[in-house]
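Colleague: So that we are looking at the same thing, I have put the structure below in structure tokens.
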Amino acid sequence: MNAIKITNFHKNYNSVEAVKGIDLAVNSGELFGIIGPDGAGKTTLTRAVCTLLVPDDGTIFVDGKDVVQNVARIRAILGYMPQRFSLYPDLSVEQNLRFFADLFQVPAQEREERLAKLFRFSRLEPFKKRKAEALSGGMKQKLALSCALIHTPKILVLDEPTLGVDPLSRQEFWQILHKIRDEGSTILVTTSYMDEAEQCDRVALFFKGEIVGLDTPENLKNHYPFPIYKIYGGDLRGLKSFFDTLNTVHTSQLFGDALHVSFAEEPSLTDWKAWQAKSGGNLQRWVHHSPSIEDVFLELLREQT
Amino acid sequence: MNRQISVYTDQLTRRFGKFVAVDGVSISVYRGEIFGFLGANGAGKTTLIRMLCGLLKPSGGEGSVAGFDIKEKSEQIKKRIGYMSQRFSLYADLTVTENIHFYGAIYGLAKEEIRQREEELVSQVGLDPYMNQMTKDLPLGIKQRLALGCAMLHNPPILFLDEPTSGVDPQARRGFWNLLYETVQTGKTIFVTTHYMDEAEYCHRVSIMDQGKIIEMGSPSQLKESHKKSTIQDVFIALVGGEKTDQKE
């Protein structure tokens, strides 16, 4: 059975079509990512799944139950971390965690183990006596996340949980999500950071209220049709202008100390040698580069328009 | 490449009581460079930037920004830097034009000067079609361009950007980075702080800060090669978190 089954989901805000008829099924036990920029409709979708918003059209079933008709039953099996999570500013880090543990009725023996685990992952232990209001933005985010993870819900929905969190904590956060998934929970998580797609079992790429791609991150990247090269040289802007004139060049983008170029077809060594000569020695080195989810996303948008 | 130094520090240090937030940092950032500042929450990035912007006095060491000593000449420095925060600090209920004029007035530019800079910037950052729209109605990518434009109104040689592309779509992000490359081409210097390592890949050079010290610095490809990692994210985690992660289980 699907943990979450969404059929033809529509949501408008006044004249704005936030979500335009989405079909999506999340398998039980899956870590599923909704990847897209701000304004793509990610929050609208997660709120609807969490029974906080009624669809204008279409249906959403969570654990086999309709979200409109089974609000209480769905909320009992669901954990939700909204973008603006309410922490209690006057309570300390530890008090916030214990408060949420009480709220979710976490059994006493599990509680201490869970707290220790969450302190390890969040690196908040040295700050456990500090009031939530005195934490930095990234630390607040980690505390909010820890509070959402204090119990193990059957289905966990997280809306942009890694926003503003440093790379180390983000990595540990994803490791925790993998563990929770391995323990049998289903996780629906949103992010605007394309590279986080790699952490998910499957992802849906969202743009302007529509799904533009849906698959495992591996498959999405494998279906990217163009060879990409990282190109190094003396004057990268000069190189970019040079490559932009070639018919075989699909896209080009400066990336710090290299130029990334995608080609309509695989260039031969003869091609490279000829370009090297034409660039007057400016083209120094080229390395094959695997496409990123961002490359895939951009290509899907290009195909749409 | 032009090797003129825009930002220079030698053993720059800042203590808060016993806590050493910035611990003997020595960097040289060159004119025309996009320099990335990476570090975990609490690594000391903000303290370092506040000293460079003349907002906080160092406890020890030396530094200069745009040729001015950070201890003595903070007022001159403030006129020569632009700052764009993640939250953009734009006035939502003002139009694009009104925001530009408002910021121009804050920077103490004359009316004529503001109009001239407005004209230059609007075409440079691509705001033409939006001039009379309310800022709150703009797409995120356009707000970001406006925020950059406002930070550059007084034509500062050095720009500080704090997680500039958080949340924007990949097309807008690539467009924004092209804009940054064009900007440094005119001789400006850009400092970028970010938690997102894919953004670090766009920088000419990056530095990684941990517990107040710069523990690594170089171009993204140099760092990946010397640490034998395929992404800056992996380099970062190996450097900052390796040891701690091992202890975890």
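Colleague: Exactly one of these conditions fails for B:GLU216: (1) without any contact (Cβ under 8 Å) to a residue 24 or more places away in the chain; (2) outside any strand (DSSP E or B). Give me its number.
Modeller: Result: B:GLU216 passes all but (2).
Colleague: In the stretch B:31-46, which residues are more than 12 Å from every other protein chain (Cβ to nearest Cβ) and at pLDDT below 95?
Modeller: Within the stretch B:31-46, B:PHE37, B:GLY44 qualify.
Residue-by-condition table, conditions (1) away from chain A (no Cβ under 11 Å); (2) closer than 22 Å to B:VAL122 by Cβ:
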| position | (1), (2) |
| --- | --- |
| B:LEU161 | yes, yes |
| B:ALA200 | no, no |
| B:SER207 | yes, no |
| B:SER221 | no, no |
| B:GLN233 | no, no |
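Colleague: When only residues in the stretch A:235-278 that are of a type in the set (D, E, K, R), closer than 25 Å to B:MET197 by Cα and assigned to a loop (DSSP other than H, G, I, E, B) count, which is nearest to the other protein chains (Cβ to nearest Cβ)?
Modeller: Per the stated criteria, the residue is A:ASP257.
Colleague: Just the residues that are in contact (Cβ under 8 Å) with a residue 40 or more places away in the chain and either part of a loop (DSSP other than H, G, I, E, B) or of a type in the set (Asp, Glu) (or both), please, taken from the stretch A:43-71.
Modeller: Matches in the stretch A:43-71: A:CYS50, A:LEU53, A:PRO55, A:ASP56, A:ASP57, A:ASP63, A:GLY64.
Colleague: State whether the residues of the stretch B:235-249 include one that is under 30 Å from B:GLY60 (Cβ atoms), within 7 Å of chain A (Cβ to nearest Cβ), modelled with pLDDT of 90 or more and touching a helix residue (DSSP H, G or I) at 6+ places or on another chain (Cβ under 6 Å).
Modeller: yes
Colleague: Out of everything in the stretch B:172-198 that is at the interface with chain A (Cβ under 10 Å from one of its Cβ atoms) and closer than 23 Å to B:ARG50 by Cα, what residue ends up being modelled with the lowest pLDDT?
Modeller: By that ranking, first place goes to B:TYR196.
Colleague: Continuing with this model, one more query. Of all residues in the stretch A:24-42, which are over 13 Å from B:GLY167 (Cα atoms) and touching a residue at least 40 places away in the same chain (Cβ under 8 Å)?
Modeller: A:LEU24, A:VAL26, A:ASN27, A:SER28, A:GLY29, A:GLU30, A:LEU31, A:PHE32, A:GLY33, A:ILE34
Colleague: Those residues that are surrounded by fewer than 22 Cβ atoms within 10 Å (Cβ to Cβ) and either within 11 Å of chain B (Cβ to nearest Cβ) or not in a loop (DSSP other than H, G, I, E, B) (or both), I need them from the stretch A:178-190; list them, please.
Modeller: Matches in the stretch A:178-190: A:HIS178, A:LYS179, A:ILE180, A:ARG181, A:ASP182.
Colleague: While we're here: Just the residues that are aliphatic (A, V, I, L, M), under 29 Å from B:ARG174 (Cβ atoms) and surrounded by fewer than 17 Cβ atoms within 10 Å (Cβ to Cβ), please, taken from the stretch B:91-150.
Modeller: Passing the criteria: B:ALA92, B:LEU94, B:MET131, B:MET134.
Colleague: Still on this structure, please answer the following. From the residues in the stretch A:138-167 that are at the interface with chain B (Cβ under 8 Å from one of its Cβ atoms) and surrounded by fewer than 22 Cβ atoms within 10 Å (Cβ to Cβ), which one is nearest to A:ILE34 (Cα to Cα)?
Modeller: Checked the stretch A:138-167; the qualifying residue nearest to A:ILE34 (Cα to Cα) is A:LEU163.
Colleague: So which of B:ARG15, B:ARG3 ends up being at pLDDT below 90 and over 23 Å from B:LEU148 (Cβ atoms)?
Modeller: Going through B:ARG15, B:ARG3 in turn, the sole match is B:ARG3.
Colleague: I'd like the full set of residues that are in contact with an Asp or Glu (Cβ under 8 Å, 6 or more places away or on another chain) and either over 21 Å from A:GLY164 (Cβ atoms) or without any contact (Cβ under 8 Å) to a residue 12 or more places away in the chain (or both), limited to the stretch B:42-67.
Modeller: Answer for the stretch B:42-67, where residues must be in contact with an Asp or Glu (Cβ under 8 Å, 6 or more places away or on another chain) and either over 21 Å from A:GLY164 (Cβ atoms) or without any contact (Cβ under 8 Å) to a residue 12 or more places away in the chain (or both): B:GLY54, B:GLY61, B:GLU62, B:GLY63.
The values are calculated or read from the model by the stated rules, or taken from the named source; none is laboratory data. Note that the coordinates shown come from a computational prediction; the quantities given were computed from them, not determined experimentally. Note that we place each Cβ from the backbone using ideal geometry, even for glycine, and neighbour counts take in every protein chain shown.
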